[in-house]
Amino acid sequence: MKIKNIFPFAASALLLASCGIYNKYERPEVNAQGLIRDVQSDTDTLAVADTTSFGNLPWRQVFTDPQLQSLIETSLAHNTDYLNCALNVKMVEAQLTMAKLAFLPSVAFTPQGTISQWDGNKASKIYSLPVSASWTVDLFGNILNVKRSTQMQLLGMKDYQLVVKTKLITNVANMYYTLLMLDRQLEILNSMSELTQDTWRIMKLQKELGRANETSVQSAEASHYGVLTNIADMKRQIREVENSLSLVLGQPAQTIARGKLADQSLPTEFSTGVGIQLLANRPDVHYAEMSLASCFYDTQQARSNFYPQLTISGTGAFTNNGGGGIVNPGKWLLSAVGSLVQPIFQNGRLVAGLKVAKYKQEQAFNTWQQAVLQAGAEVSNALVQYNSSDEMSKLDAKRVDVLTKNVDMTRELFKSSSATYLEVISAQSNLLNAQISQVTDDFNKMQAVVSLYSALGGGRE
């Protein structure tokens, strides 16, 4: 096929641009107004004017505990899920390179040679040094759309890698803070164990003095054993969390070095940014959009399958076996051919393929929309969790102060026979529950900070 004959096809390709074959992906309209709910009002949404976002902070500025930072760094270096995500990115990068190279001609070099001799005659040498090249002309965007789709897949895979990274960082932080909470609750239980043991001793003394009966002593003893049971269970929980955290770190189960709950310092001022920022900041939301973009180009590629494919190929060979008296030295034999393939009797298959691509694009759009709504819900939940936990922790602190005084007063009254053993045990039990509740509320507040950081797309270096 002569080169001048290609121009009509090129002109036709330009006319077909309006059919959508060459269109680039554009973000569909999405309503992000009122995406984040106000933490106080039942009807209002959070009015945000500041475009800054808590989620844009590097994770080291959020989690400042040196031991926690070390654990996070270890997880990023050894967690198998995160390492596999990095490998997936490299694989898609290689696929993109292949898609880009599809625009270039393919060249093959296959040298051949033979030596033959019969009955002592002079040896006959035959050789051929062929070179062949083939070039598919992308008139109708088939190769272009494959490349664009792969580009979107690469962006999506990088987003997914950040998704895994964010979850990994927040999981390590949550388990670390869980250990600190359990450690503090264990300290409270140990203190309560000493207190109940002391009460048991006093009850036995009161019995010897004739001021208490055996049932009182038994109740005090049972209360002490109940606390010891809780201590044993708390130690079990600590060991299980350590084992789980070690697994996330990509290491054998081991003791986790850690600080104290009271020494932790997390941000208390948050900026959510405007709702539309979640589309770019949240890696899972952006990943869903890149999946939509990839499906968009897959649909374009399915459309391009309806149009002809032009392939230009050429061969050249330096040989002495071309006939016509060619002997040593050999001669160059050159040839070129153009082929045009137009689908005719595959219309049903191509139409079905286009429908499948369109359905997948619609599914990707729905998934993206749901990801946007899910992001808004997670931010709203994290904000209300922090607000509620902070309020409950302040109330529990007041309750602990009152109950601590109540225990001391009840014990003094019991010594003077002005209070019963039931009042003493009840006061101790109430104090224990209030202290543990306060620790739990403090932990929930810390967990809310971690959840909000994740919900706003945190996890950056």
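The values are calculated or read from the model by the stated rules, or taken from the named source; none is laboratory data. As the structure is a computational prediction, the values presented were derived from the model and not from experiment. Backbone-built Cβ (ideal geometry, glycine too); neighbour counts: all protein chains shown.
Odds and ends about this structure:
- Against the criterion of being in contact with a Lys or Arg (Cβ under 8 Å, 6 or more places away or on another chain), assigned to a helix (DSSP H, G or I) and modelled with pLDDT of 85 or more, Ala352 does not qualify.
- Residue in the stretch 384-397 that is assigned by TED's automatic domain parsing to the domain that holds Val163, within 19 Å of the chain's Cα centre (by Cα) and modelled with pLDDT under 90 present: no
- Residue within the stretch 189-212 that is modelled with pLDDT of 90 or more and either within 30 Å of Phe54 (Cα to Cα) or in contact with a Cys (Cβ under 9 Å, 6 or more places away or on another chain) (or both) present: no
- Note on the stretch 213-232: residues that are charged (D, E, K, R) and modelled with pLDDT under 90 amount to 1.
- Filtering the stretch 371-426 to residues that are under 22 Å from Gln218 (Cα atoms), in contact (Cβ under 8 Å) with a residue 60 or more places away in the chain and surrounded by 15 or more Cβ atoms within 10 Å (Cβ to Cβ) leaves Val407, Arg411, Phe414, Tyr421, Val424, Ile425.
- Some residue of the stretch 271-278 being within 30 Å of Gln67 (Cα to Cα), of a type in the set (Val, Ile, Thr), in the same structural domain as Asp390 (by TED's automatic domain parsing) and assigned to a helix (DSSP H, G or I): no
- Matching residues in the stretch 264-294 - criterion: being farther than 28 Å from Leu154 by Cα, modelled with pLDDT of 80 or more and among the hydroxyl-bearing types (Ser, Thr, Tyr): Ser265, Thr268
- Screening the stretch 92-115 for residues that are over 15 Å from Met152 (Cβ atoms) and in a helix (DSSP H, G or I) and picking the one that is modelled with the lowest pLDDT gives Leu101.
- Selection status of Gln370, part of a helix (DSSP H, G or I), within 22 Å of the chain's Cα centre (by Cα) and over 30 Å from Glu73 (Cβ atoms): yes
- Selection status of Ala220, of a type in the set (A, V, I, L, M, F, W, C), under 30 Å from Phe414 (Cα atoms), assigned by TED's automatic domain parsing to the domain that holds Leu76 and in contact with a Ser or Thr (Cβ under 6 Å, 6 or more places away or on another chain): yes
- Condition check for Pro267: touching a residue at least 60 places away in the same chain (Cβ under 8 Å) and not in a helix (DSSP H, G or I): yes
- Any hit, the stretch 445-461, residues being farther than 30 Å from Phe270 by Cβ and within 26 Å of the chain's Cα centre (by Cα): no
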